[in-house]
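The values are calculated or read from the model by the stated rules, or taken from the named source; none is laboratory data. Everything quoted here is computed from the prediction, not taken from an experiment. Cβ atoms come from the backbone with ideal geometry, glycine included; neighbour counts cover every protein chain shown.
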Amino acid sequence: MKASLRFFLISAIGSFLLLSSCKKELVNSNQFLYSSYYELQSGKFIEYDVMEITHDENASVQHDTNYYQLKCIIEDTFTDNAGRLAFNYVRYKRINSSESWIQSDLWSTIVFNNKAELVEENQRIVKLVFPVSEFTTWNPNQFNTDGKLNCSFTDIHKSRVINGFTFDSTLIVEQENKRNLIEFKRKYEVYANRVGMVKKYYKDIQISNFDTLNIKSGKEIFMTLTNFGN
């Protein structure tokens, strides 16, 4: 009986330690967090076709539309003011493929405490939060002075075709969907696993009497992936 009891206790303790170890490994796993939707690696790049529309009923050109191409590259690492490892996020622009890329912005990005952060124009924005889940919500402006928003994930891990590219796993980051008498705001981004943002839809306009075609002022930005790599 004593030998059997001893064997039972040893087996139980061993099983507990094994389960604890497996659970810890799972919780710490990037696969479980799905942080690969915002994978940072030096040399990684994405190119986009961009349409940007500026509305101003008092301007000489009330609805000014610009088309250009944008290339975003993850470049060298550096240590930020908080002592964390961050990456330079460099943006290049050109009008079309016949022109050379010209650097337009030097931003920075980091993944820390399960948050993917991008500092653009000195504004730190939380782009994604991990783990990726339908229950995950966050305020992208928690580190800046812009108004509070409530971001969430939808269409998680769905396959999607973007501009002829097929991605097995994508998700949508819902940022804002608001419409009333005088304003219309619709903002979301699509991310592909191990690639990054593959599409952006940004519409923030002032309207009249609920009419989204009667635009007084505001901005629209539409970005679609055209190429990517390392």
The one condition K178 fails out of (1) surrounded by 15 or more Cβ atoms within 10 Å (Cβ to Cβ); (2) in a strand (DSSP E or B); (3) not hydroxyl-bearing (S, T, Y) is (1)
message: Please determine whether any residue of the stretch 94-104 is at pLDDT 95 or above, under 18 Å from the mean Cα position of the chain (by Cα) and either surrounded by fewer than 18 Cβ atoms within 10 Å (Cβ to Cβ) or not assigned by TED's automatic domain parsing to the domain that holds F165 (or both).
response: no
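Of V173, V198, V190, V132, which residue is in contact (Cβ under 8 Å) with a residue 12 or more places away in the chain and touching a His at 6+ places or on another chain (Cβ under 9 Å)? First the steps, then the outcome.
Numbers: V173 fails: touching a His at 6+ places or on another chain (Cβ under 9 Å); V198 fails: touching a His at 6+ places or on another chain (Cβ under 9 Å); V190 fails: touching a His at 6+ places or on another chain (Cβ under 9 Å).
Going through V173, V198, V190, V132 in turn, just one is in contact (Cβ under 8 Å) with a residue 12 or more places away in the chain and touching a His at 6+ places or on another chain (Cβ under 9 Å): V132.
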Being at pLDDT 95 or above, closer than 27 Å to S97 by Cβ and basic (K, R) narrows R160, R124 down to just R160
- Query: Going by the conditions given, is K219 touching an Asp or Glu at 6+ places or on another chain (Cβ under 8 Å), more than 30 Å from P131 (Cα to Cα) and in contact (Cβ under 8 Å) with a residue 24 or more places away in the chain?
  - Reply: yes
>> Would you confirm whether or not the stretch 82-89 contains a residue that is without any contact (Cβ under 8 Å) to a residue 24 or more places away in the chain, assigned by TED's automatic domain parsing to the domain that holds F165 and in a loop (DSSP other than H, G, I, E, B)?
In response: yes
Scanning the stretch 182-223 residue by residue, the ones that are surrounded by fewer than 17 Cβ atoms within 10 Å (Cβ to Cβ), under 22 Å from the mean Cα position of the chain (by Cα) and either modelled with pLDDT under 95 or closer than 17 Å to Y68 by Cα (or both) total 4
On the basis of being part of a strand (DSSP E or B) and among the small types (G, A, S), does S100 make the cut? no
* Evaluate the stretch 130-137: report whether one residue or more is modelled with pLDDT of 95 or more, closer than 18 Å to K219 by Cβ, under 15 Å from the mean Cα position of the chain (by Cα) and part of a loop (DSSP other than H, G, I, E, B). => no
- Message: Condition check: in a loop (DSSP other than H, G, I, E, B), over 20 Å from I73 (Cα atoms) and not acidic (D, E). Does F184 satisfy that?
- Response: no
